[in-house]
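Any read-out appearing in this document is the output of simple, stated calculations on the displayed coordinates, not a laboratory observation. All of these numbers come straight from a predicted model, not from anything done at the bench. Positions of Cβ are generated from backbone atoms using ideal geometry, with glycine treated the same way; all protein chains shown enter the neighbour counts.
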Amino acid sequence: MSSIFDQLQADHKILSEVAEGDFPRPTQTRVIAVANQKGGVGKTTTAVNVAAVLAQGGLEVLVIDADSQGNASTALGVGHRDGTISIYDVLVEGTPIRDVAVQTRFTPNLWCVPATIDVAAVEIELIDAERRESRMRMALREYLLGRREQGLPRLDYVLIDCPPSLGIMTINAFVAAGEVLIPMQAEYYALEGLALLTRSINRIAEIHNPVLGVSMIALTMFDKRTMLSRDVEAEVRNYFPEATMETRIPRSVRVAEAPSYGSPVVFWDPRSTGSVAYAKLAQEIAMHGVAHTMTEGET
Ligand code: ATP
Ligand code: MG
């Protein structure tokens, strides 16, 4: 059994690796939808903290807040009062992302497209709209191309924080993304939810986006002392051996407190257990991509 000293040493090593910017630059922009139709499972917390660690590691990162609750905007300290231009304007009005993306105060390479309460109306506004599922994809493509033309650095990661539903907004995220990251809590109904989510992802893949699949699953608010958590984890690993991340995010008060300071926990209290776990998860996600790219290159 490892001692507290071993644990502290391991934590210190992870933190210094992150501080040194030890993250591989992906060969192309990785667009990751952070999704789960179940509410309160840690989507937003995961999206903003993984984004923050990657940015801290020197990569160019954009978070798209695709949820009318605006939680990712709050957590990144980005204003999202009524009237702020947001992802609503991008999807409904065709406003370019470059006019909407805001630089966060933490580091110049971490950006956020905010969401306001009117984002809820996207579901209705787009009901009969033309190409309603691919609006985010088109906007993002135009933004990435525009950055290249302007000589701006290429984005390394785009993380889309989805709402807790499988409506048009989440579908837009699935069509825009190359990968889906599913945060899930280890509880009894989680596996049923995962089955539904997998079916939806596969359906979108068939119709709109053949590269899409369940790429990564991260266990959140994990309590390794309970038998239920361990059972659910074993089950998920059994069904998704490749996709299930090694790193589990423990339940931690500091993680829950951070949004009220308008900051991801990894910036606010980088040494807390939750921050260390998110640093590790971000590293794993970055490496997951490298392995993926290499395999593709080899075949
Ligand atoms: P929604 O479906 O409403 O968008 P979500 O899936 O985005 O929710 P979060 O908002 O990230 O979930 O988390 C739900 C709540 O749990 C929040 O209050 C958050 O601060 C808290 N929380 C998330 N992760 C942890 C953690 N590891 N430890 C303790 N609390 C956490
Ligand atoms: Mg959320």
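For segment 13-148, the percent of C-alpha pairs falling in each 5 Å distance bin, counted from 0 to the bin holding the largest distance, reads 2, 10, 18, 22, 22, 14, 7, 3, 1, 0, 0. Under a Gaussian network description of the chain, with springs only between Cα atoms under 10 Å, the residue in Ser165, Ser263, Ser275 that fluctuates furthest is Ser165. Close amide H pairs (under 5 Å, H built 1.01 Å from N) link Val31 with Val158, Gly178, Glu179, residues at least 5 positions away or on another chain.
Once Rg and the Kirkwood radius are both taken over the C-alpha atoms of segment 2-287, their ratio Rg/Rh works out to 0.95. Computed from point charges on the beta carbon alone (+1 for Lys and Arg, -1 for Asp and Glu), the dipole magnitude for the chain about its Cα centre is near 300 Debye.
Nearest 0.05, what FRET efficiency do Gln28 and Met227 give at R0 = 51 Å with Cβ-Cβ as r?
Calculated value: 0.75.
When the alpha carbon gyration tensor of segment 44-113 is reduced to an equivalent ellipsoid, the three semi-axes, largest first, read 20, 13, 10 Å.
Scaling against 2.2 N^0.38 Å puts the C-alpha radius of gyration of segment 193-299 at 1.25. Annotation: aspartates and glutamates with alpha-carbon distance below 12 angstrom to Lys38 (same-chain offsets under eight excluded): Glu187, Glu192. If both residues of a DSSP beta bridge must be in segment 2-287, then about 5% of such bridges are antiparallel. Loop-located trypsin sites (Lys or Arg not before Pro) in segment 190-299 (DSSP state other than H, G, I, E, B) with a sparse environment of at most 13 neighbouring Cβ atoms within 10 Å: Lys224, Arg225, Arg271. Close amide-amide hydrogen proximity is noted between Thr95 and Val90, each under 5 Å apart and 5 or more residues distant or on a separate chain (H modeled in the peptide plane; Pro and chain starts excluded). Along the chain, the exposed loop sites are GluC sites (Glu not before Pro) outside DSSP states H, G, I, E and B with at most 14 other Cβ atoms within 10 Å, and the longest stretch free of them is 131-241.
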